[in-house]
Amino acid sequence: MPDRIVPTAPKGGPAALTAVLDDVLATGAALAAADVARTRALAAAGHLALDVMADQRAAARAAELALREVASEIAAAENLSDRTVQTQIGRAMTLVDHYPHTLAAWEAGAITRAHVHAIVDIGTPLPVEARTEFDLLAVATADGLSPGRLRARLAVLAERLHPTTITERHHRGRDTRCVRIVTGHDGMSDLIATLPTVLAVGIYDRLTQQSRAIIDTRTGITAALADTPADPASDSDANHAHHDTEASRSAAPRSTVATERSDREAGTASVTDERTTAQLRADILADLLLTAAPTADPTRTDDGPGTLGTIRARIQVIVPALTMLKPGAENTDPAELVGHGPLDAATARTLAEATTLPWDRVITHPITGAVLHTDTYHRTTAIDRHLRARDRTCRFPGCTTPATRCEVDHTHDHAHGGPTTITNLAHLCQRHHTQKHLTRWQVKQLPDEVLKWTSPTGRTYTDEPLPYSPATRFLPDDPPPPDPEQGPPPF
């Protein structure tokens, strides 16, 4: 029987640990008070904007623009995204208006920020008239519970307070289905799809079955899937193995060949496929989405003519010439997927070799990296090419929307005599293009194509084109050594 391990007591004994605990609790209380103070200030800013619009009896669109204007003012002062600040203002107004007991308990240190998020998240689907009771009961329920356990209790509580059935809410919830992307690190991103649960589980199960079929094919295993280690995310593998294996035969060779080709390109002799089930799910999903013809696509050859098949994804990729020639030094000047971050050299080379679309050559200043000229062998609009290469993103401070999804705006309105030149044009996303024209924000284009934005309170912010990494850096020569015959300098 192994010896019992007795934990070593921290140095200083219980008294020292008690002092540290007191510091942690005191710091937490101070942070909670500061968080609540900021929440009340953000809510006040939102109410200020809405009160101004209410006095003018403005439409809902004007009220939203007023909130956007205030959010942009705060965001510019804090170097944040105005979308982020507007979201914070909305959440702060919700807390102040609908969860006063929750806010008071947070301010008193009875609950933490995580508890508050749980209460607001669970209470959001409730109608406004039910939130007062939910607020009171949620604070009482939170006593002594961790945020995780509190969520489970609140879900039951919220269900009891709902005036409608879950079936009715599900029909409304279907309207929120969407797909979004969250940029990650090392050239990876999360593709998130919000779908009805039954469809999400079905898609995941099919990907699991197809990945299992590929694993069985590459290893020669023909036994039932029930004999293999169970995947905790799927309970129905054995029941549907034959059906989904048949359905996945077209997907299996394609995914396997892609890996074998990758091995050959890397210069290795191995053609083994050692991808895990999780990796295969991701690869098959990419295969299906990028190569399959959806049922809703009327351009399928077996389904008659239509228009969806003419829709193609658009991305903007910047590939430095030296990165193409010297991939080992790619960290010095990496390729970039505009709006998302660095791109590995292999993917950049593949795009450069495979695309049928023209590439724009961007000539940059060797020291500053500023765009000097663009050219291409294909006939395109020179101004648009220059602006895309120069701006790369929306030119409102802090915005990262790629230029390919933005609108080209005359800084000085064309209707008021503004010229159509690169010194009077800039990319603005739809949100900030609208804000420029319909709120009190003003913009002026300075020399060197710098945009100077003036907020409603008179503060100014500049947005400069992001320079490219210079190909060559010039440094001044070292001063010559002093001539010993001339003696020391006079000063």
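General observations
- The residue that is surrounded by the most Cβ atoms within 10 Å (Cβ to Cβ), counting only those in segment 392-426 that are closer than 13 Å to residue 466 by Cα and basic (Lys, Arg), is 395.
- Condition check for residue 62: hydrophobic (A, V, I, L, M, F, W, C), touching a helix residue (DSSP H, G or I) at 6+ places or on another chain (Cβ under 8 Å), in a helix (DSSP H, G or I) and surrounded by fewer than 17 Cβ atoms within 10 Å (Cβ to Cβ): yes
- Filtered by the rule that a residue be within 27 Å of the chain's Cα centre (by Cα) and without any contact (Cβ under 8 Å) to a residue 24 or more places away in the chain, segment 438-456 gives 450, 452.
- Scanning segment 427-442 for residues that are in a strand (DSSP E or B) and either surrounded by 20 or more Cβ atoms within 10 Å (Cβ to Cβ) or at positive phi (or both) returns 427, 428.
- Output for segment 146-171, where each listed residue is small (Gly, Ala, Ser) and assigned to a helix (DSSP H, G or I): 148, 152, 155, 158
- Any hit, segment 81-92, residues being buried (at least 22 other Cβ atoms within 10 Å of the Cβ) and touching a Pro at 6+ places or on another chain (Cβ under 9 Å): yes
- Against the conditions (1) touching a Phe, Trp or Tyr at 6+ places or on another chain (Cβ under 9 Å); (2) touching a residue at least 40 places away in the same chain (Cβ under 8 Å), residue 215 satisfies every one except (1).
- Selected residue (criterion: farthest from residue 334 (Cα to Cα)) from residues of segment 172-205 that are in a loop (DSSP other than H, G, I, E, B) and touching a strand residue (DSSP E or B) at 6+ places or on another chain (Cβ under 7 Å): 177
Laboratory data are not the source of any read-out in this text; all were calculated from the coordinates shown. Model, not experiment: these values are computed from the prediction. All Cβ positions, even for glycine, are placed from backbone atoms using ideal geometry, and neighbour counts span all protein chains on display.
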